[in-house]
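Just below is one structure, and these are the notes that go with it.
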Amino acid sequence: LFSERGPDTKVRYHIPPDRSLNLDWTKVDFNDAGWSPTGSSVGYDTNTSYTELIDLDVKAGMSKGNTSVYIRLPFLVDDPDQFDYLRLDMMYDDGFVAYLNGVKVAYANAPDTLAWNSKASAGHTDGDSISGVLSF
């Protein structure tokens, strides 16, 4: 699970203990102030291959059987009409779903029906985990 941007972009994460958030957390006006401290990347590594890529380590929370971590990346665009597409560079293992303003826009190895404790529908090799570009 990785989410990385430039040095000025900060994310927050939350490991859901149940389904109480539904998809409310994907909406623009959701208040994530009670989530983790801000950082630049989220994930965990049981080896040492990706340790230098991870700023916010979620290993302790994920090792208790949790299968999902919610990550919020705020960004503002002054004039959305100036763009024809957005590009998402995502490092992930084994799956992810990305939302933009509450709408699912990109995914990989995601089950058809999502829940707070969904598992990836397929594996993703370690080598493939460090690269990936999706456009939408």
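On a 20 Å Cα-Cα criterion, which of the cross-link pairs Lys64/Lys119; Lys27/Lys59; Lys10/Lys64 come out too long? Checking Cα-Cα distances, Lys27/Lys59; Lys10/Lys64 exceed 20 Å. Under 5 Å between amide hydrogens, built in the peptide plane, is the criterion, and for Leu56 it picks out Ser40, Ser41, Val42, Gly43 among residues at least 5 positions away or on other chains. Per residue, the convex hull around the alpha carbon atoms of the range 25-136 comes to 131 Å³.
Dipole orientation for the chain: of the candidates Thr51, Ser63, Tyr85, Ser63 has the Cα lying most toward the positive pole (charges on Cβ; Lys, Arg +1; Asp, Glu -1). With θ taken as phi - 60° and the Karplus curve 6.51 cos²θ - 1.76 cosθ + 1.60 applied, the whole-hertz 3J(HN,Hα) list for the range 103-108 is 10, 5, 10, 7, 6, 8 Hz, x standing for glycine and proline. For the chain, a Gaussian network of Cα nodes joined below 10 Å ranks Asn31, Asn47, Asn101 by mean-square fluctuation, and the top entry is Asn47.
Quick note: the coordinates plus some simple rules give every number you see, no bench work behind them. It should be emphasised that the depicted structure is a prediction, and the values quoted were computed from it without experimental measurement. Every residue, glycine among them, receives a Cβ derived from its backbone with ideal geometry; neighbour counts consider all protein chains shown.
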